[in-house]
Structures are given as structure tokens and as C-alpha cells.
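Visitor: Before we start, here is the structure in question, set down as C-alpha cells.
The values are calculated or read from the model by the stated rules, or taken from the named source; none is laboratory data. What you see is a predicted model, and the numbers here were worked out from it, not measured in a lab. Cβ coordinates were reconstructed from backbone atoms using ideal geometry, including for glycine residues, and neighbour counts include every protein chain displayed. These accessible areas exclude ligands, DNA and RNA; they are computed on the full protein's heavy atoms, side chains included. Shrake-Rupley method; radii C 1.70, N 1.55, O 1.52, S 1.80 Å.
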Amino acid sequence: MNDVIQAEGLRKRFGDTQALDGVDLAVRQGTVLGVLGPNGAGKTTAVRVLATLLRPDAGHAEVCGYDVLKDPVRVRAMIGLTGQYASLDEELTGTENLIMIGRLLDLSRGAARARARELLETFRLTDAGGRAVKTYSGGMRRRLDLAASLINRPAVIYLDEPTTGLDPRARNEVWETVRDLVADGATVLLTTQYLEEADALADRIAVFDHGRVVAEGTPSGLKSRIGLQTLAVRAAETFRTAQLAEIIAELTGERPDVHEGTGLVTAPTSDPAVVSALVRRLDEAQLVAAELALRMPSLDEVFLTLTGHTTDTAPTEAGELEGSPV
């Protein structure tokens, strides 16, 4: 597979704030690159450069072989962009919104109407197509916004924090839509602050922090960089939790955490053989485990290890600029 998005050394400064500080990105055809980072990390600035909405101060970027600075019109013909908030006319119906965008993209009235019908069916919005968008739920609005970005059948789709503000059910609906788009051959660059979202959708992840890519790889590869897994065990008989914690401490050499209420005992370990050793010790002690797992670190833990802070970091000046109109 070829790289359909390529960026090298992208730099962009807003006043005293270095929004992009030498960003390199590569996205293979038919895959999802998750761009992960807190507000102000440079994610949206990078998307705007790749979407030809913002000129970089330095660096080079191509989309589908076209230079974003030299061939912006051709780049725009190849991409679809969905921002953080739905860009729809709430007084128009779903069908009318899609037809309007189709006409703006120079489709004939008949072609625009046919494409609107097709997309409403694809995004499970046919029954709502005749209703004003102001009556739609959050998940329905996001699906319609995604449909609008696909009017021109783009090869590359930029999704800039597409599930911001959605409830879990609506978020899952958007996730399913993204999976369908990729299954149909689309290439997706997805920016998100939700580590769970990146883990669920991305083939590869680029971690942004202070305008730089501080790590890049598969979700499992990034998790393995920490080098530790977590042993999690819960005793069937809660009164034996303290005994269980002692056994785990002896096996791992670490002081385990005992979670009040659930009785779950957890401890970090780098030895995958600890599970079989634990099973033997539990059998010897005639202690039954109601729950036993050895899991990889979460992306939350990976992000904290890589950057020294969580994605809940307050927006910086760069974050505020990212949300401003270009």
C-alpha cells in the first residue's frame, strides 16, 4: 500500500506560539491514522494544513500525490473534512443540506439529489431525511455531517474530533460509520482526545505534544513501549482479599493496589509467566479467583508515560488558536 498522506517538517507559528514544530506524518491507503493529543497539541493545525486551509511556515505535504501548496484545488477534490462541530443548516432538512452541498460542489440538481438519497441510506438517515436538522439527535447530526463530507466521494477523509460532545451511544454510531468508510476503501486521518477512540479505530497512532510528534506506532506497539503489564485478580471470597494481595506482592515484588468496593487487586509486572505461577499459588492456598487477567497498559498510561501529563491538560494559547477561524 502507498502513503496517500505525506508530511515532512511541517512548522507553523502563531505569534509566540509554535503550533507545529517539525511534524512528520504518513498515512497508508485504506487505513486510519489516529492523531492523539490534548488541546493545543497541534492536531487541528496539522489537519488545516493538510486540508489546504492553512499555509505552513515551513515543510512539505502531499495528499494523493498532490502538493498542498502547489496543487490546492486538486487536493481539495480528493478530500472530505468533518470538523469538531456539525456544520449544517438547522432549518433545512437532512436532504436539503446534502443537496445544497452537492450543488456547491458543481453537481447537477439531479446528481445532487441522487447522491443525497444514497448517503442518507448509507448513514441510516432515510426516515429522517425530510425532517429539519434541528430535530436530530447529536449522533444523527454527526452522521449527517459525515455524509456531507462524502458528497464528492473523497479518497481521504479528515475527521477532526468527530465525537466531541456526544454521548456513548452516539459515539458508537460514529465509530461504526468510520469502520464502514474504511471497509469501503477510504483513508482516514482521525484527531481525537479520547484514548479509547484511538484504540478502537486506529491502525496506527501519532502522539502529538506541544506541536511535535513524540511517538508513532500501532496501538499495541505503543503500549509495549512501557514494558509493563498489569496483573488484575479478584478473590471469590472477599474476606480473603488481603491474603490474595500478599501472594501477588510476593510474586511480582510490587506493592499491589487493592480497590475498595470491588476487591480487585492489581500490580504491574513484566513477567508473563506470573499468571501460571499465580494459579499454582492460588491452588496451594485453596483460594478461588473470581477474576484473573493480565492486560496490556491502557493508552492513557502510554500517553502519561510519553508526555508526562494526561489528555485532560487545560487548553494552551495554541489550543485556543486552533479553534479560531482561519
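Visitor: Can you tell me what share of the DSSP beta bridges in the chain is antiparallel? A percent to the nearest 5 is fine.
Guide: Working: 36 of 54 bridges.
Counting only bridges with both partners in the chain, antiparallel ones make up about 65 percent.
Visitor: Using a Gaussian network model on the chain with a 10 Å cutoff between Cα atoms, which of Gly94, Gly185, Gly30 fluctuates the most?
Guide: Comparing Gly94, Gly185, Gly30 in a Gaussian network model of the chain, the most mobile one is Gly185.
Visitor: Grab the DSSP H runs of the chain that are 4 residues or longer, score each as -39,500 (n - 2.57), total them, divide by all residues and round the 222 nm result to the nearest 500 deg cm²/dmol.
Guide: Mean residue ellipticity at 222 nm (helix-derived): -10500 deg cm²/dmol.
Visitor: For the chain, modelled as a Gaussian network with Cα springs under 10 Å, which listed residue fluctuates most, Glu254, Glu197, Glu161?
Guide: Checking each option, the largest mean-square fluctuation is seen for Glu254.
Visitor: Here are several values of Kirkwood radius over Cα pairs in Å: (1) 20.7; (2) 20.1; (3) 22.0. Which one was derived from the coordinates shown?
Guide: Matching entry in (1) 20.7; (2) 20.1; (3) 22.0: (3).
Visitor: Follow-up question, since we're still on this one. Can you spot the lysines whose alpha carbon is less than 23 Å from Lys43's alpha carbon? Ignore those fewer than 8 places along the same chain.
Guide: Cα-Cα hits under 23 Å: Lys12, Lys70, Lys223.
Visitor: Compute the Cα gyration tensor for the stretch 74-114, then decide on rounded, prolate or oblate, letting a ≥ b ≥ c be the square roots of its eigenvalues: rounded whenever a/c is under 1.5, prolate when a/b is larger than b/c in the other cases, and oblate in all that remain.
Guide: Working: a/c = 2.87, a/b = 1.04, b/c = 2.76.
Because a/c hits 1.5 or more and a/b fails to exceed b/c, the stretch 74-114 counts as oblate.
Visitor: With r as the distance between the Cβ atoms of Glu260 and Asp283 and R0 = 45 Å, compute the FRET efficiency 1/(1 + (r/R0)^6) and round to 0.05.
Guide: Efficiency computed from Cβ-Cβ geometry: 0.95.
Visitor: Name the long-range amide H neighbours of Thr31: under 5 Å, sequence gap of 5 or more, or other chain; modelled H, no Pro or chain starts.
Guide: Val188
Visitor: With unit charges on the beta carbon (Lys/Arg positive, Asp/Glu negative), name the residue among Gln229, Val133, Val178 whose Cα is farthest towards the positive pole of the charge dipole of the chain.
Guide: Val133
Visitor: Another one. Give me the one-decimal nm value for the distance between modelled label points at Ser87 and Arg179, 7 Å along each residue's Cα-to-Cβ direction.
Guide: 2.8 nm
Visitor: Return one number: the angle in degrees, 0 to 90 and rounded to the nearest 10, between the long axis of the Cα atoms of helix 109-122 and the longest principal axis of the Cα atoms of the chain.
Guide: That works out to roughly 10 degrees.
Visitor: Rounded to the nearest 0.05, what FRET efficiency is calculated for Glu246 and Ser108 with R0 set to 51 Å and r the Cβ-Cβ distance?
Guide: 0.10
Visitor: In Å², what does the accessible area per residue of the stretch 202-316 work out to with a 1.4 Å probe?
Guide: 55 Å²
Visitor: Which cross-chain or sequence-distant (5 or more) residues have an amide H under 5 Å from the amide H of Leu69, H modelled 1.01 Å from N in plane?
Guide: Result for Leu69 returns Ala61.
Visitor: Could you compute the net charge surrounding Arg28? Neighbours are other residues with a C-beta less than 15 Å from the C-beta of Arg28; K and R count +1, D and E count -1.
Guide: Around Arg28, the surrounding residues sum to -4.
Visitor: Something else now. Give me a comma-separated list of calculated 3J(HN,Hα) values for the stretch 264-281, in order, Karplus coefficients 6.51, -1.76, 1.60 applied at θ = phi - 60°, integers in Hz, x for any Gly or Pro.
Guide: Listing the rounded values in order: 6, 10, 10, 7, x, 7, 10, 10, x, 6, 5, 5, 5, 5, 5, 4, 5, 5 Hz.
Visitor: Quick one: with all protein chains in place, what share of the accessible area of the chain is carbon or sulfur, to the nearest percent (1.4 Å probe)?
Guide: The C+S portion of the solvent-accessible surface of the chain is 48 percent.
Visitor: Okay, moving on. From the square roots a ≥ b ≥ c of the eigenvalues of the alpha-carbon gyration tensor of the stretch 86-197, which class results: rounded (a/c under 1.5), prolate (a/b over b/c), or oblate?
Guide: oblate
Visitor: About the Cα centre of the chain, how large is the charge dipole given +1 on each Lys and Arg Cβ and -1 on each Asp and Glu Cβ? Please answer in debye to the nearest 20.
Guide: Magnitude of the dipole: close to 1100 debye.
Visitor: What residues have an amide H closer than 5 Å to that of Ala289, excluding those fewer than 5 places away on the same chain, when H is modeled at 1.01 Å from N in the peptide plane?
Guide: Excluding prolines and chain starts, which carry no amide H, the hits are Ala236.
Visitor: Report the residue, chosen from Arg169, Arg113, Arg13, that carries the largest GNM mean-square fluctuation when the chain is represented by alpha-carbon nodes joined by springs under 10 Å.
Guide: Arg169
Visitor: Something else now. Note down the net charge around Thr241, summing +1 for each Lys or Arg and -1 for each Asp or Glu among other residues with Cβ under 14 Å from its Cβ.
Guide: -3
Visitor: A further question on this structure: Can you give the relative contact order of the stretch 1-135 as a percent, counting alpha carbon pairs under 8 Å and 6+ residues apart? Before the final figure, lay out each step's value.
Guide: Values: 181 pairs, mean separation 25.8, N = 135.
Relative contact order here is 19 percent.
Visitor: Quick check: pseudo-label points 7 Å beyond the Cα along Cα→Cβ at Glu96 and Ala26, how many nm apart are they?
Guide: So the two model labels end up 4.8 nm from each other.
Visitor: Looking at the square roots a ≥ b ≥ c of the eigenvalues of the Cα gyration tensor of the stretch 32-105, which shape do they give, rounded for a/c under 1.5, prolate if a/b is larger than b/c, or oblate? Mind showing how you got there, number by number?
Guide: Values: a/c = 2.60, a/b = 1.44, b/c = 1.80.
Taking the square roots of the gyration eigenvalues as a ≥ b ≥ c, the stretch 32-105 is oblate.
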